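The values are calculated or read from the model by the stated rules, or taken from the named source; none is laboratory data. As the structure is a prediction and not an experimental result, all values here were calculated from the model. Reconstructed Cβ throughout: ideal geometry from the backbone, glycine too, with neighbour counts over all protein chains shown. With ligands, DNA and RNA removed, areas are computed over all heavy atoms of the protein, side chains included. Shrake-Rupley method; radii C 1.70, N 1.55, O 1.52, S 1.80 Å.
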Amino acid sequence: MRTFLAYARCRNVSDEKFHTMNRYGSTTERKYRKKATRTRKPRTARQTSKLPTFVGEAPATPIPVKEAGQFGRINILNFKPTAEDGVYAARVEIGEQFTVSAQVFMEGRAKVGATAVLKNPRGRIMARVPMQVENAGLDLYTVNLQAGEHSTLAPWDEGFDDVKKQLGNWKVAIEGWEDSYGAWLHDARIKVDVDSDVENTLTSGAEMLGRWAGTRDSNLDAAQRKTLRDAAKQMMDTTLDAKTRLGFADNAEIEALHESNPLRDGLTQSADHVFHVERPKSSFAAWYQFFPRSEGAYIDENGKKVQGNFHTAVSGLERAKAEGFNIVYLPPIFPIGVTNRKGPDGALHAGPDDPGSPFGIGSELGGHDTVDPLLGTMDDFKAFCQRAHELGLEVALDFALQCSPDHPWVKEHPNWFRTKPDGSIAYAENPPKKYQDIYPIDFDNDLEGIEHEVERIMNLWIDAGVTIFRVDNPHTKPVRFWQDVLAAVTKKHPEVLFLAEAFTRPAMVRALSYAGFTQSHCYFPWRNTREELEQFLQETNGEGGFYQHNTFWPTTPDILTAYVRDGGVAAHAIRAVLAALGSPSWGIYNGYELIENSQRSDAEEQSQNEKFEIKVRDWSAADKIGISELLTSLNDIRSKHVATTSYHNLTILPSANGNVLAFARQTDAQFTPDGKTDTLIVVVNLDPFNQQQSSIHVDAEALGLPTDHPYHVKDQLTGREYDWSWDNFVSLAPWADVAHVFHVELDDDADADSDEANE
Ligand SMILES: O=P(O)(O)O[C@H]1O[C@H](CO)[C@@H](O[C@H]2O[C@H](CO)[C@@H](O)[C@H](O)[C@H]2O)[C@H](O)[C@H]1O
């Protein structure tokens, strides 16, 4: 991994805000310029030495850019990521490490440098960071940035107001400049070595050093300016030999100034590129789904199931908390219709004691704005949310926009439903699935009316304590509808998040993200082979991660794949590791801890499905299985390793065995709480039945790890330690460990060594 050279205060003359910031020093900016400030001497106002005027080569001069599309003196192209279609800005979570790149170049053989400028929503410059050459032939430069500090605060926590101030549209611009010192030094070394045109070369160099000492942009202090002027003077001492004279400009002290306060000729600034910065947990979240009616449920003396309610459901909150999750997700909690109510496993007829699918919303008791009386009252729900908040959990509520035939809207707003010529209403479908117990909404008769009603209802649940909506099947409704509703709701409540349950074509999923959905369900459950996973991990954690935040769920009440059905405990463990560490956002549907994996014969979902019946579970059985313990460890690893929090830091590692997947996640030292690079190496045996061995290749240089000696890795799941280097043997057996989650443990010296090597 490339490391940063701290880059202090390369001040743009026209930017007085930056001048102010330098004096008071924002945390972010201090972070980026740590190294340089350590070596900088106190500033004095007086200029101490005078230079003779030398005749040298003319530096590149800035050319004003008067309209969009005009080139400046330096060419800057291909900034990534840009707003898609020029409208939908890239998105990152506060404190998430992300990478920007651009092509920066100029004519001829001239050398260039590039600097990224990061501005907060108020336009204040928070960091100026030198970019690194990614591919010299393509003139491609990259840099890792972070907008604001990583935070885990929830909206009701003390201190959230400070977080809130940092949310919104940040901007990144690229500064390109001619690297006159770098280019001169390259040529001067050769010319002095072969004794060609030496006097002209040294004279030009001295002139360049003098000019550097005099520029405001380089923001040198008085002592640093003197260093450059003295070097220039000494270079002109013709009594000395050429090599000695060159040495005055070719040494570590001047090189350090070149890194921290370079001479930037022909300075050219790109346009600002917007990044929408969202609140904590907008993308980095661990979800836990349970049905409140199953919590505390029991079988009474007559053999009848007695359902739970919002009082007993606190046990679900406590389990989620104990396992380290931070969002609890509840299926719809509204009254359930009677007409066409479904029976066990979706049977088309329900018995008198069948509770029905909670997605069959609405009865004479009320609709989407009413708590199902079997679960309790609105006050009970508020108390439940309050308890969740005390435990540090956010409550996500399912919002399924559809109606049982008994829903009040069916009578109150007949124009919200499409009738067939015979006056009946067709039931809802999500082909090939049929939902005979619900009517779909018709959005084409009264879009505005439906929008207002949905806004009213969402605000009502927000007032009760909900901070997140998981929206059921949003892709079967107009995108524009969601765009309007989400904009209206977030205008009043910018902290509210939305998860799209959209298993559908990529264009629709992407459009929903643009419409305001902060996270999205995805096809992770069906990506099982190494090739499929490698591709999917890179898709989720790549360029697309700026526009769509995929959340990985191994199972849901609607999804139980053959892999999980057949692979037993090992398959559950494998999929949990992949979900927790493959995406910053992951989720578990409860019962996973109990290996509930019996599948319906006619559907890819669980039999005795909780959607249609109340589950009475023996949670004490979970202890023997160990999945609950694994989930807890995975959430613990996620909370301790900031490298798990970014959609932009995953690298696939080559593995010799097609059944073994390996990837690294890495966060640069300046973005971690302890100031050390955080590197995790995850190795997973994808075969739930057999032991698999492999050799994992780690490009130590690319990851900034020691290249000439082994480094220490510690398995965060087992505590075992190993020495790793370029190629590493692994052996994982399903009956022992399905995965390694290694943290690379570099002592400070090793970290510093590798920094030096990369610089
Ligand atoms: O259509 P999806 O696969 O995305 O599933 C989601 O929406 C379904 C409809 O809301 C929902 O289905 C469940 O509720 C229906 C209405 O009560 C019922 O007819 C279905 O049989 C039942 O599976 C599904 O749970 C939800 O995730």
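Working only within segment 71-86, note down all residues that are modelled with pLDDT of 95 or more and open to solvent by 60 Å² or more (accessible area, probe 1.4 Å).
F71, L77, N78, K80
With under 16 Å from I333 (Cβ atoms), touching a residue at least 12 places away in the same chain (Cβ under 8 Å) and assigned to a loop (DSSP other than H, G, I, E, B) as the only criterion, which of L397, L401, L460 stands out?
Among L397, L401, L460, only L401 is under 16 Å from I333 (Cβ atoms), touching a residue at least 12 places away in the same chain (Cβ under 8 Å) and assigned to a loop (DSSP other than H, G, I, E, B).
Here is a list: A396, A426, A464. Which entry is within 30 Å of the chain's Cα centre (by Cα) and within 16 Å of the ligand (Cβ to nearest atom)?
So the residue among A396, A426, A464 that is within 30 Å of the chain's Cα centre (by Cα) and within 16 Å of the ligand (Cβ to nearest atom) is A396.
As an exercise: evaluate H258 against (1) part of a helix (DSSP H, G or I); (2) over 38 Å from the mean Cα position of the chain (by Cα) and give the number of the one condition it does not meet.
H258 satisfies every listed condition except (2).
Among A739, A656, which is of a type in the set (A, V, I, L, M), surrounded by fewer than 21 Cβ atoms within 10 Å (Cβ to Cβ) and at pLDDT 95 or above?
Selected residue: A656, the only one of A739, A656 that is of a type in the set (A, V, I, L, M), surrounded by fewer than 21 Cβ atoms within 10 Å (Cβ to Cβ) and at pLDDT 95 or above.
Taking segment 135-154 as the region of interest, how many residues are assigned to a strand (DSSP E or B) and closer than 29 Å to R638 by Cα?
Qualifying residue count, segment 135-154: 5.
With the requirement that a residue be surrounded by 17 or more Cβ atoms within 10 Å (Cβ to Cβ), more than 31 Å from the chain's Cα centre (by Cα) and not polar (S, T, N, Q), what does segment 597-612 give you?
Once the filter is applied, which keeps residues that are surrounded by 17 or more Cβ atoms within 10 Å (Cβ to Cβ), more than 31 Å from the chain's Cα centre (by Cα) and not polar (S, T, N, Q), segment 597-612 yields E610, K611, F612.
Give me a count of the residues in segment 346-356 that are open to solvent by 10 Å² or more (accessible area, probe 1.4 Å) and either within 33 Å of the chain's Cα centre (by Cα) or near the ligand (Cβ under 10 Å from one of its atoms) (or both).
3
What about P335, is it within 13 Å of the ligand (Cβ to nearest atom) and open to solvent by less than 10 Å² (accessible area, probe 1.4 Å)?
It is true that P335 is within 13 Å of the ligand (Cβ to nearest atom) and open to solvent by less than 10 Å² (accessible area, probe 1.4 Å).
Each row is one residue, and each column tells you yes or no for (1) out of contact with any Ser or Thr (no Cβ under 8 Å at 6 or more places or on another chain); (2) at pLDDT 95 or above; (3) of a type in the set (D, E).
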position: D446; (1), (2), (3): yes, yes, yes
position: F481; (1), (2), (3): yes, yes, no
position: V489; (1), (2), (3): yes, yes, no
position: E495; (1), (2), (3): no, no, yes
position: A502; (1), (2), (3): no, yes, no
position: C522; (1), (2), (3): no, yes, no
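With G308, G343, G366, G316 as the choices, which residue is out of contact with any strand residue (DSSP E or B) (no Cβ under 9 Å at 6 or more places or on another chain) and away from the ligand (no atom under 11 Å from the Cβ)?
G366
Considering segment 585-636 alone, what residues qualify as being part of a loop (DSSP other than H, G, I, E, B), more than 15 Å from the ligand (Cβ to nearest atom) and modelled with pLDDT under 95?
Selection gives S601 alone.
Could you go through segment 399-413 and let me know if any residue there is surrounded by 14 or more Cβ atoms within 10 Å (Cβ to Cβ), away from the ligand (no atom under 14 Å from the Cβ) and either over 20 Å from V338 (Cα atoms) or acidic (D, E) (or both).
So far as segment 399-413 goes, no, none of its residues is surrounded by 14 or more Cβ atoms within 10 Å (Cβ to Cβ), away from the ligand (no atom under 14 Å from the Cβ) and either over 20 Å from V338 (Cα atoms) or acidic (D, E) (or both).
Looking at H186 and the list (1) open to solvent by 40 Å² or more (accessible area, probe 1.4 Å); (2) without any contact (Cβ under 8 Å) to a residue 60 or more places away in the chain, which single condition is not satisfied?
(2)
Out of everything in segment 635-653 that is aliphatic (A, V, I, L, M) and open to solvent by less than 20 Å² (accessible area, probe 1.4 Å), what residue ends up being farthest from T540 (Cα to Cα)?
Only one residue fits best here, namely I637.
Within segment 481-497, does at least one residue satisfy the condition of being on the phi > 0 side of the Ramachandran plot and either more than 16 Å from the ligand (Cβ to nearest atom) or in a loop (DSSP other than H, G, I, E, B) (or both)?
Checking segment 481-497: not a single residue is on the phi > 0 side of the Ramachandran plot and either more than 16 Å from the ligand (Cβ to nearest atom) or in a loop (DSSP other than H, G, I, E, B) (or both).
I need the full set of residues from segment 613-634 which are among the acidic types (D, E) and either surrounded by 21 or more Cβ atoms within 10 Å (Cβ to Cβ) or closer than 26 Å to L680 by Cα (or both), in order please.
Selection gives E613, E629.
Can we say D687 is more than 25 Å from the chain's Cα centre (by Cα), open to solvent by less than 30 Å² (accessible area, probe 1.4 Å) and over 30 Å from N430 (Cβ atoms)?
yes
Every residue in segment 466-504 that is in contact with a helix residue (DSSP H, G or I) (Cβ under 8 Å, 6 or more places away or on another chain), open to solvent by less than 10 Å² (accessible area, probe 1.4 Å) and under 27 Å from T377 (Cβ atoms), please.
Listed by number, the residues that qualify are V466, F469, V471, V485, V489, V496, F498.
Can you pull out every residue in segment 145-197 that is within 30 Å of A231 (Cα to Cα) and touching a Ser or Thr at 6+ places or on another chain (Cβ under 6 Å)?
E175, G176, A188, K191
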